[in-house]
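Comments concern the structure below.
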Amino acid sequence: MDSLQGLPPLSTLSTSVSSTLNAKLGTNHDLTQAPSIVAEFLTQCDDLERNLVHLNRTLESNLASYASFSNRIGHLFGIVNSKLIDLGSSVCLRSSVSDGQGLGEELPSLAKEVARVEAVRAYAEVASKLDNLIGDIEDAVSSTMNKNLRKDSSAQNSEETRMVAIKTLKVTEDLLTSVTKARPQWACLVSAVDHRVDRSLAILRPQAIADHRALLTSFGWPPSLSNLTSSSLDARKSSEVPNPLFTMHGDLKRRYCENFFALCCLQELQRQRKSRQLEGHNREVALHQPLWAIEELVNPVSVACQCHFSKWIDKPEFIFALVYKITRDYVDSMDELLQPLVDEAMLTGYSCKEEWISAMVTSLSTYLAKEIFPIYIGQLEEESVTGIRSQARTSWLHLIDLMVSFDNRIKPLVEQSGILLSLLEDGTPRKISSLSVFCDRPDWLDMWAEIELDDAMEKLKPEIDEERNWTKKVQGADLSNSDDYKSPAVSSITFTCLSSLIERCRLLPTVSLRSRFLRLTSTPVINFFLDCLLLRCQEAEGLTALTDDDALIKVSNSVNAAHYSESILKEWCEDVFFLEMGLDQGEHPGESVAEYSGREVPIEEYGNGIFHEEIVKFEDFRTQWVEKITMVILRGFDAQCRDYIKDRRQWQEKSEEGWTVSQTLIGALDYLQAKMALIEENLNRVDFAGIWRSLAAGVDKLIFNGILMSNVKFQEEGVERFGYDVEVVWGVFRAWCLRPEGFFLKVSESLKLLKMEKEQLEDSLKGGQKRMKENGIRHLSVAEVEKIGKNRVYTK
């Protein structure tokens, strides 16, 4: 018994040793296993000894390498020094022997040699400095690793060592940046240093993240979600679950803030390195990454949420409610606690609040893309195969409603603190939107557009088929002067449907997605409405050739609808929202915006607006049918006044007693006035103005060619009679202009010729074009004037 060595006092044992012995020697039976426990301890000690020997050898090898490198640098300095001494001796010798002329010839080569030696010296100096810095970095990283392996080491010392490494990395990066700008030919040196820095960062960042995750776990992050129910999701605050970021205090809070700050410093350092390495390239896209520390906060929350999400596949509204509640409840702590640390780390362009919201929304979008949308896609594919209508389309539209509603609720969380949705350095808007799920899946966007289009058409077709919507006028303020359009209610219904489609896509995160969605939904709806207008006009024309008043009213209503639609589209295209899409050129240069209309639109027309082609179609439709209305009225007027035009003798006779207008013209004037009144009542002001102007020009041409150019002889009484008739015709148009004769150019000038005295008329004929212009005849040719002059019969 005396040979047995006594155990050391319990107070001298470390905590780890005491706990190990307590665990292995808890009972009397465990004492019988003492030999095996001793053997196990001896084996562990041998392993540790071997590891220590290996680490010592590695350290010796590294020290030998460093010594060898230092010797080489010292040797280079020795060579440089000896060359400088030789150079000085050579210069002194030559200056003493020569009279100065030879030295002048050697100066360029001497200057080149001095510059080369200076470059070597500068290179050696920078290389030595960088080598020392890299050595310090690797020592700090190695020290951090060793302290992490030794559990009894101080966490504070570990964090301080990490910050030393980060600060040294910052100094190294600043030196590399200056070398890159001043000495671009030293690219190999910079590349070698970058390689060694990358190896250190590959160790440092994972360590910092691992420590960060351990700290999050230690103060209870993520907060418990187990007590949340569907009824409590709408509560303003979660009183049962306090915010761990606010409840942590003391040493734990200090360690977390230090670690958060270290991660931010590492990310800023990484940004600087990427900025230098990507100089001259499109580096803005690669520079902006999510905030690492905020990602570490969001990831465990996202994992915890998905346990609830899996139970709510059929109730997606609960998913959106939970994500919104968590995002809202913890958003304040981001600004109050974490934002000052980001600012202190000089991590510019980052808002903790925005990063938190963006990361939460991104996690939601990722879950929707992986779990929810594939289910709906499968249902739609099954529906297309079986031909049996299911609830898949309704579920899809309901999900989109929830996404749009969620995005509208999230947006104020960012903006209420005065932060606008930020822009990346290349001008791309941040995608704080659940609809960003469509960015990577344009095929899903096409499917959504198809469903929205089908739903819109199902609602629109019954409204278009309802005849009352074509007779009732637009009520309301779609346009500032909507009364001038006299548009049927169906046009307002159509554009209400279009507005709904536009609002659905307003929150899509990119211009190209919004443009694509509108081209797939709005364009077919507009073309469908235009086809309906054309069909109604063709039906009216086919039944009565537009001679019936009801047919004219029907066509007028369609023209009004087209004018109203054109004006709405033009007003929309002036909005920035549509201007951006008008400038968007699609995914491929030269891509057609008229994919569904069959006509290619050149790329240079994109700047005219996304609805440019549809606007042109409405303009063409209006022009075509306004011309047809004008021609129908002119043909009717021609038929009514045929007897008046054929009566050649009346221009040699006096007017009937008591009549100031020819009786054969009265019927034609009544017809013209009645049709004009009908059109004025039912047609919008702009198109009506075009019609009465065209009618005036047509009547002018009809009277001029039918009477004045038909070799009719005019005596004094006939000229007076013709003047009365023309005044009555002008009177029909005086309701819309003060000087209607200005629209009857040839008839008014012909009447002026007929009223001239014989000598004045002959003088005009002899004087030619110049004399005619002096007499106010500007729109008649010389031949026409001569013909009218020959038909004027003077009795005196």
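The values are calculated or read from the model by the stated rules, or taken from the named source; none is laboratory data. Everything numeric in this text was worked out from a predicted model, so none of it was measured. Because the Cβ atoms are built from the backbone with ideal geometry, glycine has one as well, and the counts that use them run over all protein chains shown. The area values use the complete protein model at the heavy-atom level, side chains included, leaving out ligands, DNA and RNA. Shrake-Rupley method; radii C 1.70, N 1.55, O 1.52, S 1.80 Å.
Which pairs, out of Lys459/Lys570; Lys570/Lys701; Lys486/Lys617; Lys486/Lys746, put more than 29 Å between their alpha-carbon atoms?
Details: Lys459/Lys570 25 Å; Lys570/Lys701 35 Å; Lys486/Lys617 20 Å; Lys486/Lys746 34 Å.
The pairs that break the limit, which is 29 Å between Cα atoms, are Lys570/Lys701; Lys486/Lys746.
In whole Hz, with x marking every Gly and Pro, tabulate ³J(HN,Hα) for the range 610-617 from phi via Karplus 6.51 cos²θ - 1.76 cosθ + 1.60, θ = phi - 60°.
5, 9, 4, 5, 5, 4, 4, 5
Tell me the net charge near Gly789. Cut-off is 13 Å between Cβ atoms, Gly789 excluded, with +1 for each Lys or Arg and -1 for each Asp or Glu.
Values: positive: Lys713, Lys752, Lys755, Lys758, Lys766, Arg771, Lys787, Lys790, Arg792; negative: Glu749, Glu757, Glu759, Glu762, Asp763, Glu784, Glu786.
Summing Lys/Arg as +1 and Asp/Glu as -1 gives +2.
Convert each backbone phi in the range 187-199 into a coupling constant with the Karplus relation 6.51 cos²θ - 1.76 cosθ + 1.60 (shift: θ = phi - 60°), then list the ³J(HN,Hα) values in order as whole Hz, x for Gly and Pro.
Residue by residue, the range 187-199 yields 4, 5, 4, 4, 4, 5, 5, 4, 4, 6, 5, 4, 5 Hz.
How much accessible surface does Arg506 have with a 1.4 Å probe, in Å² rounded to 10?
Surface accessible to solvent at Arg506 totals approximately 90 Å².
Order Phe320, Phe261, most accessible first, counting only protein heavy atoms with a 1.4 angstrom probe.
Working: Phe320 10, Phe261 40 Å².
Largest accessible area first, the list is Phe261, Phe320.
Starting at the first residue of the range 762-779, write each ³J(HN,Hα) from the Karplus equation 6.51 cos²θ - 1.76 cosθ + 1.60 with θ = phi - 60°, in whole Hz, x for Gly and Pro.
Running phi through 6.51 cos²θ - 1.76 cosθ + 1.60 with θ = phi - 60° gives 5, 5, 5, 5, 6, x, x, 4, 5, 5, 5, 5, 5, 8, x, 9, 10, 10 Hz.
First check a/c for the range 646-789, with a ≥ b ≥ c the square roots of the eigenvalues of its C-alpha gyration tensor; if it is under 1.5, answer rounded, and if not, answer prolate when a/b is larger than b/c or oblate otherwise.
On the way: a/c = 2.46, a/b = 1.43, b/c = 1.72.
Oblate, since a/c reaches 1.5 and b/c is not below a/b.
With a 1.4 Å probe and all protein chains in place, put Arg519, Arg72 in order of accessible area, largest first. Could the numbers behind the result be given before it?
Working: Arg519 30, Arg72 130 Å².
My answer, sorted largest first, is Arg72, Arg519.
Starting from the Cα of Glu503, step 7 Å along the direction of its Cβ; do the same at Thr27; then give the gap between the two resulting points in nm.
With each label point 7 Å from Cα toward Cβ, the separation is 7.4 nm.
Roughly to the nearest percent, how much of the accessible area of the range 646-789 is carbon and sulfur, given a 1.4 Å probe?
Working: 3580 of 7250 Å².
Answer for the range 646-789 is 49 percent, counting heavy atoms of protein chains only.
Keeping all protein chains in place, calculate the accessible area per residue for the range 646-789 (probe 1.4 angstrom), answer in Å².
On the way: 7250 Å² over 144 residues.
Result: 50 Å² per residue.
Report, by chain and number, residues whose modeled amide H sits under 5 Å from the one on Lys473, excluding near sequence neighbours (fewer than 5 apart, same chain).
Ala489
Enumerate the amide H contacts of Phe714 below 5 Å, restricted to partners 5 or more residues apart or on another chain; note that Pro and chain-start residues carry no placed amide H.
Counting only residues 5 or more places away or on other chains, the set is Arg792, Val793.
Determine how large the accessible area of Thr217 is when every protein chain is in place; take a 1.4 Å probe and give Å² rounded to the nearest 10.
100
Taking a probe of 1.4 angstrom, what is the accessible area of Arg516 in Å², to the nearest 10?
Its heavy atoms expose roughly 70 Å² to the probe.
Which of Gln640, Phe621, Trp692 sits farthest toward the positive end of the charge dipole of the range 606-714, with +1 on the Cβ of Lys and Arg and -1 on the Cβ of Asp and Glu?
Highest projection toward the positive end goes to Gln640.
Rounded to the nearest 20 Debye, what is the dipole magnitude of the range 646-789 about its Cα centre when Lys and Arg each give +1 and Asp and Glu each give -1 at the C-beta? Display every interim value, and only then the final one.
Details: 22 positive and 23 negative charges, 110 e Å.
Its charge dipole is roughly 520 debye.
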